[in-house]
Amino acid sequence: YWHLHFSRFGIRAILLPAFVAVLLARWWVATTSADPRRRRRAAFDAGIAMGLAAYAHPVGRALIALPTAHALWWTAVHRGDRRRRIGRPLAIAAATALVVALPLLGTWLLHPWQATGHAAEVSILGQGWRAVAANTARVAGLFVVRGDAAPWRNAPGRPAFDIITGGAFLVGASIAMRAAWRGRGWAVLALLALVGLAMPSALTDAAPNFSRAIGVLPAAAWLAAVGAVAVGDGIASLGAARWRSPERAAPWLAAIVSALVPALVVAFAGAATARAYRAWAADPATRIAFDADIAALAPWLDSVPDAGTIYLTPETAEHATYRAVAARPASSVDARRGLVVPMAHGADGGSARYLDIDRLPWTAAQMAALELWSTMRLGRLSVDATIGPVAAAPPEVGVVRGAVVRLDVSRALHRLSQPPHWDERITFVDAVIPARVFAGNAVTVTLAWIASGPTGHSLSTAVQLNTVDGRGIANADGLPAGGSYPTDRWRDGEMILSQHTLRLPADAPPGPAVLKIGWYILTYPDGPSGPPHVNPITDDNGQPTVGVANAIVMPTGQSMPTGQPVPTGQPVPTDQPAPGNG
């Protein structure tokens, strides 16, 4: 069932068992064949399998360890026998694998984190030997006790083998251990593959993880086959000794029984697999595990007439399933850092719908952030976010939570006679900052912009709090809406609210301060590890930054008007707009 499940899953990890099977078969020929040419050819084939395995699965990158360990054992056992040396086949296999994997190695040289990043994230080595021991016990039990619990990697909890095939596997493993003790090369190779390819799951979290241990399948199936054949041969031998005419009937009956037992094991395994697969496919949790509701969300949103006013969370909009299915991907913004509302033509306000599938873990945080916007005092900006029922989604999408967000900017717009513009695409509307900010505290500034279309580059916002004589106090530069809605995605007529958190130092000079804003292009011409290059974008008056609001910096130690410290990451409630805004 394990192999069938991943074949239906359709991810690249399913290639690893095939490459491992080729490696085991060809490496055995490379170590045992009496023909030197055949040995070299088999070693070359084994190298190709190892090189390709590096592309199929992270475990495939270390697959050279399997023939290397077997070669070391082989050399120790056959020391002094020139005819049994396998150093040359190992060198041929390793060199071939290196050549095949060269493009991938080149990518790792340019981006080292791609080679080690995921392994570092899931490793449990830092948790100590007890964690590794517990994981090892769980991985040892994956064959006949309990398998992976994740529904996208297994019928939850189902072991790798059913009860009959599992029994054959245990018999085969016992035979292999006894044969390895007696120095049989095939048994050593099988056990090295079994233990070595199960080890990645033992050393990482969520054990037993069938994705990380998938390379063990050929060795496990090999040992199950050995056990099934051994049982069949044993029954045939036992029966032949009891038959009255062994010289006539025994050879025929022995052959039939020897073949019948493995055939029955395979037939039972097929029936058990079909039964498990049908139960898994019929389980309602399965479709959720494979994001069927997200796949159904995309065509539904494509069909909505006013889809341009619908916004998703960035996590859903960037989800691989949604991106693969959506013909007209919806816009997205993280409401915890910003808000986007299309303005009605010729009006001073507009509305938008923020939707998401209820079962997704980030939906609740998005809805809570939207509700918070309507409780904030944002000076001249008026936001109303109504959390409530939305248009009924198709049954295959499931429960959808939503919010209707309305924005009224009439007060902010009517006070601006000549608002500053940047890049002919961005118009300043308002800046909201508390009238008093406190040294040693953090305060969030809310900026409002109107877009006239996307910019040619993704621009960063300059947000600076300076003294009246130009000395810097604090800055909160960054991408708008925390990077969730960059300027090269802005659409004509949208109003964008963006939050930026200023962290004032404890020694900030008290007194009047000016909030200055602007835009710039941030690039890294020498790569991400090199110094950044800042290219300021001036406004229509040729100024890189513009003062848009005033505030008073209060000395550290003084209490806030509400008696509470300024919260971080959200606008500060104020009873009145900052003096001199705009």
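The values are calculated or read from the model by the stated rules, or taken from the named source; none is laboratory data. Since the structure is predicted, the reported quantities are computational estimates derived from the model, not experimental observations. Cβ atoms come from the backbone with ideal geometry, glycine included; neighbour counts cover every protein chain shown. SASA here: full protein model, heavy atoms, side chains in, ligands and nucleic acids out. Shrake-Rupley method; radii C 1.70, N 1.55, O 1.52, S 1.80 Å.
Things worth noting here:
- A simple spin-label model places pseudo-atoms 7 Å from Cα toward Cβ; at GLU396 and ARG323 they are separated by 2.3 nm.
- Computed from phi, the 3J(HN,Hα) profile of the stretch 310-319 under the Karplus parametrisation 6.51, -1.76, 1.60 (θ = phi - 60°) reads 9, 10, 9, 6, x, 4, 6, 4, 8, 5 Hz, with x in place of Gly and Pro.
- Remark: spin-label model distance ALA281-ILE387 equals 4.0 nm, labels positioned 7 Å along the Cα→Cβ axis.
- Taking the inverse of the mean 1/r over every pair of distinct Cα atoms in the stretch 414-534 gives a Kirkwood hydrodynamic radius of 15.5 Å.
- Inverse mean reciprocal Cα-Cα distance (Kirkwood Rh) of the stretch 1-83, Å: 13.9 Å
- Rounded accessible area of THR545 (nearest 10 Å², 1.4 Å probe): 30 Å²
- Averaging 1/r over each pair of different alpha-carbon atoms in the chain and inverting the result gives 29.3 Å, the Kirkwood hydrodynamic radius.
- When GluC sites (Glu not before Pro) are flagged only if DSSP places them in a loop and at most 15 other Cβ atoms lie within 10 Å, the longest unflagged stretch of the chain comes out as 1-246.
- Largest accessible area first, the residues HIS118, HIS57, HIS78 order themselves as HIS118, HIS78, HIS57 under a 1.4 Å probe with ligands, DNA and RNA left out.
- The C-alpha radius of gyration of the stretch 71-188, expressed as a fraction of 2.2 N^0.38 Å, stands at 1.49.
- Extents of the stretch 374-444, largest first, come to 49, 37, 23 Å (Cα atoms, principal axes, whole angstrom).
- Ranking ARG380, ARG39 by solvent-accessible area of protein heavy atoms (1.4 Å probe, all protein chains present), from largest to smallest, gives ARG380, ARG39.
- Fraction of accessible area attributable to carbon and sulfur, the chain (%, probe 1.4 Å): 60 percent
- √(5λ) per eigenvalue of the Cα gyration tensor, the stretch 158-219, largest first, Å: 22, 16, 8
- In order along the stretch 260-272, the phi-based Karplus estimate (6.51 cos²θ - 1.76 cosθ + 1.60, θ = phi - 60°) of 3J(HN,Hα) comes to 5, 4, x, 5, 5, 4, 5, 5, 5, 4, x, 5, 5 Hz; Gly and Pro are listed as x.
- Cα pair distances exceeding 22 angstrom across the stretch 1-159, given as percent: 56 percent
- Gain on full extension, evaluated as 0.36 nm per residue between ASP488 and THR523 minus their Cα-Cα distance, stands at 11.1 nm.
- The spacing between the stretch 510-525 and the stretch 465-498, judged by their C-alpha centroids, is 8 Å.
- Difference of contour (0.36 nm per residue) and Cα-Cα distance, ASP35 to LEU4: 7.4 nm
- Each other residue within a Cβ distance under 11 Å of ALA317 adds +1 if Lys or Arg and -1 if Asp or Glu, for a net charge of -2.
- Within the chain: Cβ-based charge dipole about Cα centre, in debye rounded to nearest 20 (Lys, Arg +1; Asp, Glu -1): 3800 debye
- For the stretch 283-431, size of Cβ-based charge dipole, Lys and Arg +1, Asp and Glu -1, in debye: 440 debye
- Once the Cα-Cα distance is subtracted from the 0.36 nm per residue extended length, the ALA364 to GLN127 segment shows a gain of 82.1 nm.
- For LEU110 and THR68, a Förster radius of 25 Å and the Cβ-Cβ distance give a FRET efficiency of 0.35, rounded to the nearest 0.05.
- Per residue of the chain, the DSSP helices (runs of n ≥ 4 H) give a summed -39500 (n - 2.57) that works out to -13500 deg cm²/dmol at 222 nm.
- Equivalent ellipsoid semi-axes - Cα gyration tensor, the stretch 349-413, angstrom: 27, 13, 7
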